[in-house]
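Here's the structure we're looking at; comments come further down.
The values are calculated or read from the model by the stated rules, or taken from the named source; none is laboratory data. These numbers come from a predicted model, not from an experiment. Here the Cβ positions follow ideal geometry from the backbone for every residue, glycine too, while neighbour counts run over all protein chains shown.
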Amino acid sequence: MKRLPRFHTLLLLGITSLAGALTPSGTVISNQVRAEFISPVTGQPESVLSNSVQTVVQSVCAASVTPDGTAAQPARVLTRLPGESAVFAYTLVNAGNDSFTFPVSGRVEAGGQTTTLRVVQDLNGNDRFDSGEPDVSAATLAADASIKLLLVTGPLSEGSTLVNLLSGCAAGSRDENNVSRVDVGPPPALAVSKTFTPALLRPGAETTVDVVVTNTGAGESREVILTDRLADQAAAGLTYVPGSAGATSGTLEFTTDGTTWTAQETAPVRGVRVRKDSLKAAETLRLSLRMRAAEAATGRVIPNTATALTGGVEVSGTASVDVRYLPAVAIGPLGQPEAEEGSQADQQSRNFGVVGQAACFDHTAKNTGDVADLYRVEAAFPQGAAKVTLLGADGQPLAQPFALQPGQSTTVRACYEPQQASPFSALLTIRGERGTSNATTDRLQNVEAGLPELLKSYRATTVGDDGKTVDVAQGRPVRAGDTVAYILSVRNPYTRPLTAVTVSDALPPHVDFASASAGGQKTGAPGQETVTWALGTLAPGEIRTLSLTTRVSSRAVDGEALKNTFGMVTAEFPDSLKSNEVATPVWQARLSITKSVSSREATFGDRLVYTLTITNHSQTTAIVDAVIVDTASKGLEYVPGTSTLNGEALEDPNVVTGQNTWTSTWTLKQIPAGATVTVTYVLRVTPEASGELLNVVQAIGSGAGGTALAIASNRAQAVTRLNLLQFAPQADILGVVFVDRNRNGLYDEALDTPVARARVLLAGGREALTDERGRYSFGNVRIGTHALRLDPSTTPYQALITHQAGGLSGTKTVHVTGLTSVDFPLAPPGGDISVLRRTTLSLGDVRVEKTVFTRPGGYTVRLRIVTPRNLEGVTLTDPLPAGAVLKEGRNNLNGTLSAGETFLTYHFDWTGEPRAATTDPVMTWRY
C-alpha cells in the first residue's frame, strides 16, 4: 500500500487591538504572525513565527457634549416666569486620545428671544448655579476626562428661547448639536386682601380675620407664602384665639418669635402663615383666624398687614379693627323704648289733668348699647309747668344714677303735678355717663283746678232694751248686731264730663254686707267684702249719692274702730281717689265701778277711807289712760299722800274746788283686759260739813284697740252721815314701828331701825302710814278701848307680840285716853342681831341707806331706797365680800323704781374679817 503524505492548512492570523476610546497618541503597535501545523515528519504540532511589523499611533482630537439636542428635539426644556433665569446642565468629555484644551461658549439660536449666556463650571455637580462657581471659556481635559458645565441665561422675557452649548477642537471637529429650550409664560400677579369681621369690636368680643391672596396674572406662580404677623396687635390688646387658624389649602405654620416657624401651634401665637407650592392663574389661597380684644384695646384703631411672597416678590394687604364700646340708650312709652325719637309712637298724651293732682306716665328705659352704663332721667317743660316725681319699677323714688346692663330695661314712672290750669308738655330725657341720651314726650292737653268731691258719712242704730231701734250718737260705740248705714256721695266739679266712673267700697273686716242701693254689686267672702258701682259718665257738676247698709259682726272686738273709706276711678283718674274716712268705735263689755266708805257716821275731824273698785269687763282689750273723777260734798277734804293703787302709793289727784262741791281726778295708765283695780284715799271731815256727806265717782277710759273711744263706767256713790253727838273729848294715839334689834320691846334710836311707810289700821276704818322715822299718829280718837293692827304686807318683818292666844300677830288692843303711845316692835331676821355698820349714799334727792347686821354664822343686809319720783332703767348692785355665799334674798335690783321707799333684804354667810363684811352699793338710773 502506498502511504500518501499528510498535509496541514497554514493559517495566517492578523491581530488588531481595539479599545472603547482612541489609543493614546505615540503608542507603538507591534504585529507578528504565528503558523501552527502537524509536522509530517514527527507527526507532532509545530509553529512558525513571521517577521514583526510595528506601527506608531498618531494624536487625534475629539470633543463630546451631552446631552444632544436640536431645535426640533431640544436636549432639555425648562419653563420660567418673566424676569427669571434658566440654568441648563451639560457634560463635556475629551473623546480624543490626548490632552486637549477645548473652548466652550453658549449661543442663542435663531427664532427665539434674545438673552445673555454664561458658561459656569458646576463645581459640586448638583446641576444648579451656586454662589462662587466660576465662569469658564475653555476646559483642558486629559483623554477620556469630563467636566460639568452650566449654561446660565440672563433674565428672560415672555416667549421661547433656544440656547446651545458649543465646544470642539481648536482645529477640527466641533460639537454643536446641544440645543435646549426655555419657555417663558405669562407672569403671575398676586393681590392680597384682608378683612376683620366685625371691624367694629367691643372689648371682650372676638373678630374673624380673613386674609386672601389671589393670582390675578395669566401665569402660574412659584411657591406662595401668605403671612400674618400678630406681635404688634398683641401689644395693643388684640390677641390670637388658640386653635382658630385655618387655610383653604397648603401648610399652616406658627411662630412665637417671628423667626422660627413650626407646624405645631405655639403659645403664645405671634404669627400665622400658610405655604403653598404654587397658585395657578385666578386661584386663591385663604388664611383665617380669630382674635379677641382685651380691655386694654379699648379706644384703639388697630391696623394689621398681611404679606404674600412668591418668586422673591412680596405684596401686602392691610385692614384695621376699631375696638370700642357702642353705648346707646332709649326711652319711650311703656314697652316701646326704641320708638323713633320725636315720632308719634314716642309720645304719650292725656286729655285731662288736675292742678296739684299727680298724672303718671309709664315709660321703658333700655340700654341698647353693648356696655353697662349709669343713667339719669330728667324732665324739662317746653310748655307749662309741673312738679315731677320719678319712680322706679318698685314704685319707690327712682334712685339715680341707676345701672343697666346691655339689653337690660327698666320701668320709669313720671308723675306730674300741674302747677296751673293750662296744658303742659314734658320732655323726659335719659342720659348715660358714656355720653348717650334719648328723649320721649308726655302731654296733658287740658288741666283744671280742684278734685272730684268724695264724701262719706254713716248712721248707726241699735236695738234698745225695750226692743225699739234707736240711733247711736256719732262717736259712741256700737256692738255686734248693730246696723251701720254708709252714705257715699260723689260730685264732678269740672266743666267736662268724667267717664268710665267706678265707685268701690271695701268694707271693714268686722262688718257684714246687708244691702246696697241699685247697681251695687258685692264681691268677696265675709270679712273681705267689697261693693262696687259702675256709674258710667258723670256730667259736669253732677252729684251721685249711693247707700250701703252693713251689720256689725260678732268678729268685732272691744276697742277697735270700724274704719271705712270709698274710692273712685275714672278714665281721667286711673289712680283711685279716696273719700274721707269715717270711724265707728266698738265696745261691747262694761267698765264698772263700786265705792265704799270706812264709816257710815262721822263727826268733825274724822278721816274717812274711801275704796274704789274698778273692773274692765272686756276680755280682749285693755283700757288706757283711765280717768277717775270723784265729786265730793262741801265739808270733805282730801288728805295728801293717802292715795293708793292696788296697795301701792299713787300720786295725789288733781283737786279742783267749786262753790258747793270739789273734784279729785286720778289718771291710771292701764286697766288690763278682764282686770280689777282698787284705789283708796282718805278724806277728812271739816267744820263746813253738814247733813249727809255725799261722794260720787265715775271712771272714763279709752280702748287700747286703736281708737280714741271713751268708755264710761257707771256712777258710784258713798254717803256718810254727820253725827254731831259723837263730838266729845278726843284723845290721840301715836307710836313707832321699828325693828327691835335687841328684842327688848323698847325703841332704841341708836340701835333699832325705824320702818317707814308701814300701815297702821285703827278699828273703824282709819289708817296711817309711818314717816321716815317710823312714826305714825291718829288724832281725835274717842276716849275708850280701841284695836290697832300693823298691816303685815307693808313690812318685811314679823311683829314680836301677839294680841292674845289665837289672835292676829301685830294686833294690839289699847285703852286710849289723852295722848296714848302704842309701839310696834318687829323681830329682826335670823335671831339676835346687832348692827355692824350703816352706810348712806345720796345723789340729789335719791338716797340709798345700807345697814349690815351680824347674825350667827353670817350677816344680814337691809337696803332702803328713797326717791320722790319714779326712776326708769334702775340698776342696783350691792356686791358681796370676796368668798361670801348668798343664802337668802337678793342683792340686786333692775327695772323701774316707784316713788317712795323700797326695801331690799338679803342674808349671806361669810367667815372673813367682820370689818370687811360691809361693801358699798352701786346704783344707776336713766334720766
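Taking segment 224-253 only, how many residues are touching a residue at least 40 places away in the same chain (Cβ under 8 Å) and crowded, with 16+ Cβ neighbours inside 10 Å?
Final tally of qualifying residues: 16.
Looking only at segment 841-864, which residues are under 17 Å from residue 738 (Cα atoms) and aliphatic (A, V, I, L, M)?
Within segment 841-864, 852, 861, 863 qualify.
Within segment 501-508, is there a residue that is surrounded by fewer than 21 Cβ atoms within 10 Å (Cβ to Cβ), over 45 Å from the mean Cα position of the chain (by Cα) and closer than 24 Å to residue 452 by Cβ?
No: zero hits.
Any chance you could count how many residues in segment 440-479 are more than 22 Å from residue 583 (Cα to Cα), under 55 Å from the mean Cα position of the chain (by Cα) and surrounded by fewer than 14 Cβ atoms within 10 Å (Cβ to Cβ)?
Looking only at that region, the number is 3.
Mind checking whether some residue in segment 363-386 is over 20 Å from residue 432 (Cβ atoms) and either touching a Lys or Arg at 6+ places or on another chain (Cβ under 7 Å) or β-branched (Val, Ile, Thr) (or both)?
no
Would you point out the residue of segment 571-599, among those that are assigned to a strand (DSSP E or B) and in contact with a Gly (Cβ under 8 Å, 6 or more places away or on another chain), that is farthest from residue 680 (Cα to Cα)? Give the steps one after another, and end with the answer.
Initial filter on segment 571-599 (assigned to a strand (DSSP E or B)): 577-578, 582-586, 591-597.
If we keep only those that are in contact with a Gly (Cβ under 8 Å, 6 or more places away or on another chain) too, we end up with 577-578, 585-586, 591, 597.
Values: 577: 54, 578: 50, 585: 32, 586: 31, 591: 18, 597: 10 Å.
Checking each candidate, the answer is 577.
Is it the case that residue 673 is modelled with pLDDT of 80 or more, in a loop (DSSP other than H, G, I, E, B) and not hydroxyl-bearing (Ser, Thr, Tyr)?
Details: modelled with pLDDT of 80 or more: yes; in a loop (DSSP other than H, G, I, E, B): yes; not hydroxyl-bearing (Ser, Thr, Tyr): yes.
So residue 673 fits the description; yes.
Could you tell me which residue of segment 236-287 is modelled with the highest pLDDT, considering only residues that are closer than 17 Å to residue 220 by Cα and in contact with a Pro (Cβ under 8 Å, 6 or more places away or on another chain)?
Per the criteria, the residue is 279.
Test residue 273 against the stated conditions and say whether it is of a type in the set (Lys, Arg), crowded, with 18+ Cβ neighbours inside 10 Å and assigned to a strand (DSSP E or B). Before the answer, list the steps.
Numbers: of a type in the set (Lys, Arg): yes; crowded, with 18+ Cβ neighbours inside 10 Å: yes; assigned to a strand (DSSP E or B): yes.
So residue 273 fits the description; yes.
Just give me the residues in segment 396-439 being polar (S, T, N, Q), more than 19 Å from the chain's Cα centre (by Cα) and in a strand (DSSP E or B), in sequence order. Spell out the reasoning first.
Here is the first cut: in segment 396-439, the ones polar (S, T, N, Q) are 396, 400, 405, 408-411, 419-420, 422, 425, 429, 436-438.
Those left that are additionally more than 19 Å from the chain's Cα centre (by Cα): 419-420, 422, 425, 429, 436-438.
Residues satisfying the conditions are 425, 429, 437, 438.
Taking the condition surrounded by 12 or more Cβ atoms within 10 Å (Cβ to Cβ) and of a type in the set (A, V, I, L, M), does residue 843 pass? Break it down stepwise before answering.
Details: surrounded by 12 or more Cβ atoms within 10 Å (Cβ to Cβ): no; of a type in the set (A, V, I, L, M): yes.
Answer is no for this residue.
Could you say which residue among 842, 898 is under 55 Å from the mean Cα position of the chain (by Cα), outside the structural domain of residue 791 (by TED's automatic domain parsing) and at pLDDT below 90? Break it down into steps so the answer makes sense when it comes.
Details: 842 fails: under 55 Å from the mean Cα position of the chain (by Cα).
Unique residue meeting the criteria: 898.
With the requirement that a residue be β-branched (Val, Ile, Thr) and over 20 Å from residue 619 (Cβ atoms), what does segment 646-677 give you?
Going residue by residue through segment 646-677, those that are β-branched (Val, Ile, Thr) are 655-657, 661, 663, 665, 667, 671, 676-677.
Those that are β-branched (Val, Ile, Thr) and over 20 Å from residue 619 (Cβ atoms): 655, 656, 657, 661, 663, 665, 667.
Mind checking which residues of segment 867-919 are touching a residue at least 40 places away in the same chain (Cβ under 8 Å) and within 19 Å of residue 669 (Cβ to Cβ)?
From segment 867-919, those touching a residue at least 40 places away in the same chain (Cβ under 8 Å) are 871-879, 898-901, 903-910, 914, 917-919; that's our starting set.
Once the filter is applied, which keeps residues that are touching a residue at least 40 places away in the same chain (Cβ under 8 Å) and within 19 Å of residue 669 (Cβ to Cβ), segment 867-919 yields 871, 872, 873, 874, 898, 899, 900.
Are there any strands (runs of 3 or more DSSP E) wholly within segment 79-197 with 1 or more residues that are surrounded by fewer than 19 Cβ atoms within 10 Å (Cβ to Cβ), in contact (Cβ under 8 Å) with a residue 24 or more places away in the chain and over 60 Å from the mean Cα position of the chain (by Cα), and if so which? Walk me through how you get there before you give the answer.
Numbers: elements: 87-94, 100-108, 117-121, 138-141, 146-153, 159-168, 179-184, 190-197.
Once the strands (runs of 3 or more DSSP E) in segment 79-197 are filtered for at least 1 residues that are surrounded by fewer than 19 Cβ atoms within 10 Å (Cβ to Cβ), in contact (Cβ under 8 Å) with a residue 24 or more places away in the chain and over 60 Å from the mean Cα position of the chain (by Cα), what remains is 87-94, 100-108, 117-121, 138-141, 146-153, 159-168, 179-184.
Given (1) among the small types (Gly, Ala, Ser); (2) surrounded by 14 or more Cβ atoms within 10 Å (Cβ to Cβ); (3) in contact with a strand residue (DSSP E or B) (Cβ under 7 Å, 6 or more places away or on another chain), where does residue 380 come up short, assuming only one miss?
(2)
Select from segment 22-75 the residues that are under 21 Å from residue 147 (Cα atoms) and in contact with a Gly (Cβ under 7 Å, 6 or more places away or on another chain) and list them in ascending order.
22, 60, 61, 62, 63, 75
Would you check if residue 339 is among the small types (Gly, Ala, Ser), assigned by TED's automatic domain parsing to the domain that holds residue 403, crowded, with 16+ Cβ neighbours inside 10 Å and in a loop (DSSP other than H, G, I, E, B)?
On the way: among the small types (Gly, Ala, Ser): yes; assigned by TED's automatic domain parsing to the domain that holds residue 403: yes; crowded, with 16+ Cβ neighbours inside 10 Å: yes; in a loop (DSSP other than H, G, I, E, B): yes.
In short, yes.
Is there a residue in segment 418-432 that is surrounded by 14 or more Cβ atoms within 10 Å (Cβ to Cβ) and under 12 Å from residue 362 (Cα atoms)? Give the steps one after another, and end with the answer.
Filtering segment 418-432 for residues surrounded by 14 or more Cβ atoms within 10 Å (Cβ to Cβ) gives 418-419, 421-432.
With under 12 Å from residue 362 (Cα atoms) added as a condition, the list becomes 428.
Looking for residues that are surrounded by 14 or more Cβ atoms within 10 Å (Cβ to Cβ) and under 12 Å from residue 362 (Cα atoms), one finds at least one in segment 418-432, hence yes.
Determine if segment 436-448 includes at least one residue that is of a type in the set (Gly, Ala, Ser) and on the phi > 0 side of the Ramachandran plot. Break it down into steps so the answer makes sense when it comes.
We begin by selecting, within segment 436-448, every residue of a type in the set (Gly, Ala, Ser); these are 437, 439.
Imposing the further condition that a residue be on the phi > 0 side of the Ramachandran plot reduces the set to none.
Taking every residue of segment 436-448 in turn, none turns out to be of a type in the set (Gly, Ala, Ser) and on the phi > 0 side of the Ramachandran plot.
Tell me which residues, restricted to segment 588-618, are at pLDDT below 85 and aromatic (Phe, Trp, Tyr).
604
Considering each residue of segment 52-78, count those that are more than 16 Å from residue 174 (Cα to Cα) and part of a strand (DSSP E or B), and give that number. I'd like the intermediate steps shown before the answer.
Here is the first cut: in segment 52-78, the ones more than 16 Å from residue 174 (Cα to Cα) are 52-59, 71-78.
Now restrict to residues that are part of a strand (DSSP E or B): 52-56, 77-78.
Summing the residues that are more than 16 Å from residue 174 (Cα to Cα) and part of a strand (DSSP E or B) in segment 52-78 gives 7.
Out of all the residues in segment 663-672, which are within 48 Å of the chain's Cα centre (by Cα) and more than 17 Å from residue 613 (Cβ to Cβ)? Walk me through how you get there before you give the answer.
If we filter segment 663-672 for residues that are within 48 Å of the chain's Cα centre (by Cα), which is where we start, we get 669-670, 672.
Answer for segment 663-672, where residues must be within 48 Å of the chain's Cα centre (by Cα) and more than 17 Å from residue 613 (Cβ to Cβ): just 669.
For segment 633-664, which residues satisfy the criterion of being modelled with pLDDT of 85 or more, in a loop (DSSP other than H, G, I, E, B) and surrounded by fewer than 17 Cβ atoms within 10 Å (Cβ to Cβ)?
If we filter segment 633-664 for residues that are modelled with pLDDT of 85 or more, which is where we start, we get 637-656, 663-664.
Subsequent filtering for residues that are in a loop (DSSP other than H, G, I, E, B) retains 639-643, 646-647, 650-653.
Listed by number, the residues that qualify are 639, 640, 641, 646, 647, 651, 652.
Kindly evaluate residue 288 against the criterion of being of a type in the set (S, T, N, Q) and not in a loop (DSSP other than H, G, I, E, B).
On the way: of a type in the set (S, T, N, Q): yes; not in a loop (DSSP other than H, G, I, E, B): yes.
The answer is yes for residue 288.
List, please: which pairs have Cβ atoms under 7 Å, are six or more places apart or on different chains, and start with a residue in segment 454-483 that is outside any loop (DSSP other than H, G, I, E, B) and end with one that is at pLDDT below 85?
470/464
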